[in-house]
Amino acid sequence: MSSFALGAGVTAATIAAGYQSMAPTGQWYGPTFIGLKPGSTQLALTYDDGPNDPHTLRLLEVLAKHNVRATFFLIGRFVKQRPDIVQELVRAGHVVGNHTFSHPNLIFASADQTRTELRNCEQVLTEAVGEHSRLFRPPFGGRRPVTLRIARELGLQTVMWNVTGWDWRGKPADYIEGKVKKQIRGGDVILFHDGGHKALGADRSQTVIATDRIIAGYKSEGYEFVTIPKMMEQQAISSQQSAVS
């Protein structure tokens, strides 16, 4: 093999590895939950970077109007500042999960830093609401094998997504809704944001509007909106049925 071909192969492998470290559906570095097989009538709404005043609370109103439960991946330092919002989420029947304490990109974090980020977020969530889910979503979707290994050691299950509305860009609700509709196949985990990782107070008003429209539209088509744990239960049932047949 020529040195050129060898170099090209190394470059391609490096690019592929980098892609897999950020790609939400990538599974090279270990299994993560990304939803059900296409064709399912279940959809899961997930929200990152909260709690955030006032938009997390406005989302609560929209979700209550439609009788829908969602999954919120929360930043620990914001939980520490606004445990009251987290308590409202749990009281309303929503699921809360770990989105690290300070929202670093874990691709660049050491093993010790990763472990500290996850443990500190778990601690403040427990202080705020007591027992909660064992779900974890890495900030920016960034992870390495060590990231997933540490999560497993701490009893956490990593959840990614396969549909996103790109709502963190501050686009209008029409744009967000259009992006989601192009990707939905059924059985999807949808990524939205109720906050911003830099500070409390990020404007997520367009996410709230888009959420209202998406729920109404897909419910009218016969879809059911569920939490991530509920979707995981369905996956386990389907796997058992497949094994028996």
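We did not get these values from a lab; they are worked out from the coordinates using the rules stated. Quantities reported herein were computed from a predicted structural model and do not represent experimental measurements. All Cβ positions, glycine included, derive from the backbone under ideal geometry; neighbour counts span all protein chains shown.
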Farthest towards the positive end of the dipole of the chain, among HIS197, PRO145, VAL96 and with Cβ unit charges of +1 on Lys and Arg and -1 on Asp and Glu, lies the Cα of PRO145
Checking rank on 156-163, 145-152, 94-101, with mean other Cβ inside 10 Å and highest first, the result is 94-101, 156-163, 145-152
If amide H atoms are modeled at 1.01 Å from N in the peptide plane, then the residues at a separation of 5 or more from VAL226, or on another chain, having amide H under 5 Å from its own are LEU43, ALA44, LEU45
If N is the residue count of the stretch 70-176, its Cα Rg over 2.2 N^0.38 Å rounds to 1.08
In debye to the nearest 20, the charge dipole size for the chain, taken about the Cα centre with +1 at each Lys and Arg Cβ and -1 at each Asp and Glu Cβ, equals 400 debye
Length-normalised contact order of the chain, Cα under 8 Å, at least 6 apart, in percent, tallies to 30 percent
Between LYS181 and LYS198, the two model label points (7 Å from Cα along the beta-carbon direction) sit apart by a distance in nm of 3.1 nm
Subtracting the Cα-Cα distance of GLN27 and ASP84 from 0.36 nm times their residue separation yields 16.9 nm
Residue separation between GLU131 and THR116 times 0.36 nm, minus their alpha-carbon distance, gives in nm 3.5 nm
By the mean-Cβ-within-10 Å protection proxy, highest first, 184-194, 22-32, 57-67 rank as 184-194, 57-67, 22-32
Under 5 Å from the placed amide H of PHE72, counting only residues 5+ away or on other chains, we find TYR47, VAL95, VAL96, GLY97
Given pairs LYS65/LYS181; LYS37/LYS198; LYS80/LYS181; LYS80/LYS219; LYS80/LYS182 and cut-off 32 Å on Cα-Cα distance, the over-length ones are LYS37/LYS198; LYS80/LYS181; LYS80/LYS219; LYS80/LYS182
Reviewing (1) 22.3, 70; (2) 18.4, 64; (3) 17.1, 53, the figure for Rg and Dmax of the Cα atoms in Å actually calculated from this model sits under (2)
